[in-house]
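Bear in mind these aren't lab numbers, they're just calculated from the coordinates by the rules spelled out. In this text the structure is predicted, and so the values were computed from the model without any measurement. Here the Cβ positions follow ideal geometry from the backbone for every residue, glycine too, while neighbour counts run over all protein chains shown.
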Amino acid sequence: MAMRDAKTDQFDAATAPFRRELFAHCYRMTGSIGDAEDLVQETYLRAWQAFDRFERRSSVRTWMYRIATNACLSALHRNRRRPLPSGLGSPSTDPHAATAPAPAGVSWLEPVPDRLVVDDLSDPAEVVAARHRVRLALVAMLQLLPPRQRAAVILAEALDLPAVAAAEILNVSVTAVKSLLQRGRARLAEAALSEVDVAEPTDQGARRALDRYMAAFEQADHAAIKRLLAEEAVLEMTGTSTWFSGKATCAPFITAQAIGHPGDWAMVPLRVNGQLGAAAYHRDSDQTYRAFAIVVLATTRSHLNRITLFSDPGLFGHFALPPQWR
């Protein structure tokens with residue numbers, strides 16, 4: 001028993017510091033909180049079982065990333081990619097039409113609470129880098145790639161690892177990694193996706209923009225929402241394949257089909273995917289505010305560039321929020 005305790009202490013000391021970043025890695029790979037949690041558990045179980053055989057030819061961190069990446073690749077062979085509506089087709093041009101149904105069997109990309117992927121007590125530069133690595137635009141973009149290309153791009157781009165280290169983690173040659181990176185980057189360039197300007201969630205201007213957004217919904221202030229939207233704003237919501245690009249269609253849709261009447265909404269501020277966001281509760285006929293959607297905002301210091309609603313009340317538990325408010 002004493003030997004087992006010594007091994008446990010040694011294993012925990014060697015591997016525990018990487019748990020949060022490994023969770024973030026698995027989230028970027030899968031786009032799912034639940035899948036990432038399961039894969040981190042599987043990673044630590046596999047590492048524990050192999051710890052006595054670990055020869056330390058690489059760092060513990062690289063070894064753990066290799067185990068986690070292989071676990072993700074195995075899982076992704078069984079599961080489809082997780083898109084957002086904007087990854088399924090062209091934007092709608094009619095903000096007054098009924099929203100289109102979601103494709104059969106689609107599993108949506110999920111938002112992630114900052115507390116699971118960002119250590120606010122670490123070095124300030126690392127905090128900023130950790131936020132950028134889980135920005136929603138980046139995670140959604142990665143979902144376009146086949147699993148091995150996705151892994152190569154994440155290791156090289158998001159984690160800034162050299163090709164040699166990425167090759168070691170993927171257990172392939174440096175030439176193979178460079179080929180995966182070339183094809184992955186070409187695919188992303190073909191998709192013409194780029195990360196919009198997103199202010200840091202600590203920026204006072206961005207915080208004011210979030211406050212104005214929440215107040216506008218709670219007060220059903222159509223004019224305030226219109227003023228907040230950037231000209232190139234995008235609005236999308238899971239549960240439907242309908243999405244909008246441009247203030248000219250986003251604003252009328254919100255007015256006609258979303259904002260409702262004063263008091264219909266209660267909003268709670270969030271930190272999500274390294275960005276600002278809100279939990280939206282909608283008032284039912286019995287006057288109870290019920291969980292409706294997690295909202296992720298791409299917020300500049302003055303405007304909203306993108307609003308993404310995840311209309312799954314089951315996500316509220318990940319943010320330690322109740323199913324009903326007040």
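In order along segment 148-153, phi translates into HN-Hα couplings of 6, 5, 4, 4, 4, 5 Hz, rounded to whole numbers, per the Karplus curve 6.51 cos²θ - 1.76 cosθ + 1.60 with θ = phi - 60° and x for Gly and Pro.
Here segment 1-96 has an Rg and Dmax of 18.2, 69 Å, counting Cα atoms alone. The shape of the chain can be summarised by an equivalent ellipsoid whose semi-axes, obtained from the alpha carbon gyration tensor, come to 38, 22, 18 Å from longest to shortest. Think of segment 95-163 as having a plus end and a minus end, set by charges on the Cβ of Lys, Arg, Asp and Glu; of VAL106, PRO124, ALA152, VAL106 sits farthest toward the positive end of this dipole.
Shown in residue order for segment 15-25 are the 3J(HN,Hα) couplings computed by the Karplus curve 6.51 cos²θ - 1.76 cosθ + 1.60 at θ = phi - 60°: 10, 4, x, 9, 4, 5, 6, 5, 4, 4, 4 Hz (x for Gly and Pro). The C-alpha atoms of the chain define a longest principal axis, and helix 247-257 lies at about 70 degrees to it. Taking the average, over residues, of other Cβ atoms within 10 Å as the packing measure, peptides 49-61, 311-323 rank 311-323, 49-61 from highest down.
Can you tell me the FRET efficiency between SER122 and GLN219 if r is taken as the Cβ-Cβ distance and R0 is 35 Å, rounded to the nearest 0.05? With a Förster radius of 35 Å, E is 0.35. The equivalent ellipsoid of segment 167-255 has semi-axes of 39, 17, 11 Å, largest first, where each one is the square root of 5 times an eigenvalue of the Cα gyration tensor. Remind me, relative contact order of segment 14-136 in percent, using alpha carbon pairs under 8 angstrom and six or more residues apart? Relative contact order comes out at 33 percent.
Only helices enter the 222 nm calculation for the chain: every DSSP H run of n ≥ 4 contributes -39,500 (n - 2.57), and dividing by all residues gives -14000 deg cm²/dmol, rounded to 500.
Both radii were evaluated on the Cα set of segment 274-326; the Rg over Rh quotient, with Rh as the Kirkwood radius, amounts to 1.04.
Summing Cβ point charges (Lys, Arg +1; Asp, Glu -1) relative to the Cα centre of the chain gives a dipole of roughly 740 debye. Distance from the alpha carbon centroid of segment 262-282 to that of segment 159-228 works out to 20 angstrom.
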